[in-house]
Every structure is written in C-alpha cells, then in structure tokens.
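Chemist: One structure is given below, represented as structure tokens, and several questions about it will come after.
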Amino acid sequence: MYIGAHVSTAGGLKTAIEGGKDIGAEALQIFPSAPLQWKIRGWDDKQCIWFKEEWPKHFKQVIFHGIYLTNLAGSDEANVIKTKTALVETLRLASKVGIVGTIFHPGSYTNGEFGNQNQVKEVISEVLAETPSETMLIYENSAGSTIGGKLEDLAWLVNASSDKSRVGVCLDTCHAFAAGYDIRSKEGYEEYVEKVESLIGLDKVFCWHFNDSKFDLGAKRDRHENIGEGYLGAEPFGFILNDPRWTRLSSYLEVPGFEDKGPDQKNVEILRKLRKS
Ligand SMILES: [Zn+2]
C-alpha cells in the first residue's frame, strides 16, 4: 500500500508536488479549487499540461478531493444544479491533469434518512454522461450524520450508478469509527472488511483516508487526529497497511499535523514504520 497525503495547492501545482515530496508522500490528494466556493477554478492550460507530465515522476497516484458544498440529495434545486456542474467540471479538470477523478462527500440526510434517491441517481448518471469516460467518482464514507455513515449507503450509491466501472468508494478510518464501526481490534477490523466485501465488493474500494479520531467510537464527530494520538490509536493502520487485499491502493492522510500545518513527515513516518513491506 502507498502512503499519501492531502497537500495544499495554495501556491499552485508546483508547490503541491514539492509539499508532497518534502513530507515523503507516495501519493497526493489535492483540491481542484477552493473547497468552500462553487466555482471550480483549476489552473491554466500551461500548468495543467506541466502537472500531467510531472506528477507521475514522483507519485503513484494523485486524486482530487471535491469541494465541500456538493450535495447529491439536497432539496434546493439550484444547489442540485450547482452540485452537478461542480462535479462535471472537477472530472473534466481531472482528465486534463491526468488523474483518475475525485473523492467527494455524497450529501446530507433528510430527517436522518437517505432521501431523494431518484434525484441522486439522476445526477450521478448525468455527471458520468457528461465527463470523460476514463474519469471516476469516488464516494467517501461519512462520520455518520450525512450520507455514507452506513456502508449500506455506499453500496446503494455504487449500485445506483449508471456505469459501475466509473465509481468506487473511499474508506476514511476516522469516519468509519465515528459512525460506529469499531476497527480498533483485529477482529473488529476483519468484521468491517467482511461487511465492505459483502455489501460493496473489495474491488470497489478505490483508496483509504488515514486519520485518527479526536472523538470516541460512534460519536458521529468528523474530527481528525494525528496517527496514534486519538481514540483509534496506531494499531488499526497497521492492519490496513499490511492487508494484502489493499496492495497497490493508496492511503491519504488528512490529519492536523504535529505543528498544525496539515499532514506532515512525522505522520508519514509513523505509517511507514507500521508498514511491514
Ligand atoms: Zn476523509
């Protein structure tokens, strides 16, 4: 398995590559745009062409993390259209910079239920129809208060997608734990993976997000902690890193960092020590 990290693109794509190399990351996750704005800004053609050539020299994989505003299941029509546009623009940009696609948060529950399912299905199918066929949508599990808290939600999303070969899931350790899946022990972890296998299929797992949790099991709080410093502890990351079922998949750190500047070398090193080969 590869150890990757979310890095900032605040200084442009070159800074992102340097930031990833500096901390020893083997894969990179970046935002396509400011995550709290609807407009997908991306980068000019020159930067995109340069990046497409350059990133494979340093990393096994680069992936986008979509903006935070998207919501496939929202009731506000204007926002549904904006969601679709943002996802389409993100996947077109992914194709331009030579990366697979985008991880994103599927959306919110309505009164605790996964509602507006026909709309969700329609938006996914429209996004896939309007974007390059080599790009993918990756649904991320949630901490429990939005769609993706239950593995069943992710299974539904994968099955509802018009082209299953263009979708996958991202499993975030902090979110899984916050949503009530106790992966702290080997038995708990195995049970979780069995559920993933029977509900979604192991081949649909595209990547992992590696984060410890600031809150305890089932707290439904999406608050990431540095590896080994939270309620999960370091051990579960060893289970995942050394599990042959995830060989060649990338993991991405989204931790606060020991100096509060985001994923850092120390977190990467902790994971590297846990990885046996
Ligand atoms: Zn995550």
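Values quoted throughout were computed directly from the atomic coordinates according to the rules given, and no laboratory measurement underlies them. Every value quoted in this text rests on a predicted model; they were computed, and no experiment measured them. Every residue, glycine as well, gets a Cβ built from its backbone with ideal geometry; the counts of neighbours run over all protein chains shown.
Chemist: For the range 169-191, enumerate the residues that are within 16 Å of the ligand (Cβ to nearest atom), touching a residue at least 40 places away in the same chain (Cβ under 8 Å) and of a type in the set (Phe, Trp, Tyr).
Modeler: Hit for the range 169-191 is 177, nothing else.
Chemist: Any idea how many residues of the range 40-68 are under 19 Å from residue 139 (Cα atoms) and of a type in the set (Asp, Glu)?
Modeler: 0
Chemist: Would you say residue 215 is aromatic (Phe, Trp, Tyr) and closer than 21 Å to residue 26 by Cα?
Modeler: Details: aromatic (Phe, Trp, Tyr): yes; closer than 21 Å to residue 26 by Cα: no.
No: the conditions fail for residue 215.
Chemist: Moving on. At least 3 residues that are of a type in the set (Lys, Arg) and surrounded by 15 or more Cβ atoms within 10 Å (Cβ to Cβ) in each: list the helices (runs of 4 or more DSSP H) lying fully within the range 1-104 that qualify.
Modeler: 77-96
Chemist: Same structure again: Being part of a helix (DSSP H, G or I), charged (D, E, K, R) and either within 15 Å of the ligand (Cβ to nearest atom) or touching a Lys or Arg at 6+ places or on another chain (Cβ under 8 Å) (or both) is the filter here; which residues of the range 112-146 pass it?
Modeler: So the first thing to find is which residues in the range 112-146 are part of a helix (DSSP H, G or I), and the list is 117-129.
After this cut, where a residue has to be charged (D, E, K, R) as well, the list is 121-122, 126.
Correct list: 126 only.
Chemist: In the range 68-82, which residues are under 18 Å from the mean Cα position of the chain (by Cα) and farther than 16 Å from residue 42 by Cα?
Modeler: Step one: of the range 68-82, the residues under 18 Å from the mean Cα position of the chain (by Cα) are 68-72.
Within the range 68-82, 69, 70, 71, 72 qualify.
Chemist: For the range 236-277, how many residues are in contact (Cβ under 8 Å) with a residue 40 or more places away in the chain, within 16 Å of the ligand (Cβ to nearest atom) and not in a helix (DSSP H, G or I)?
Modeler: 9
Chemist: Can you confirm whether residue 203 is assigned to a helix (DSSP H, G or I), without any contact (Cβ under 8 Å) to a residue 12 or more places away in the chain and either closer than 19 Å to residue 273 by Cβ or under 18 Å from the mean Cα position of the chain (by Cα) (or both)? Don't jump to the end; show me each part of the working.
Modeler: Numbers: assigned to a helix (DSSP H, G or I): yes; without any contact (Cβ under 8 Å) to a residue 12 or more places away in the chain: yes; either closer than 19 Å to residue 273 by Cβ or under 18 Å from the mean Cα position of the chain (by Cα) (or both): yes.
For residue 203, the condition - assigned to a helix (DSSP H, G or I), without any contact (Cβ under 8 Å) to a residue 12 or more places away in the chain and either closer than 19 Å to residue 273 by Cβ or under 18 Å from the mean Cα position of the chain (by Cα) (or both) - is met.
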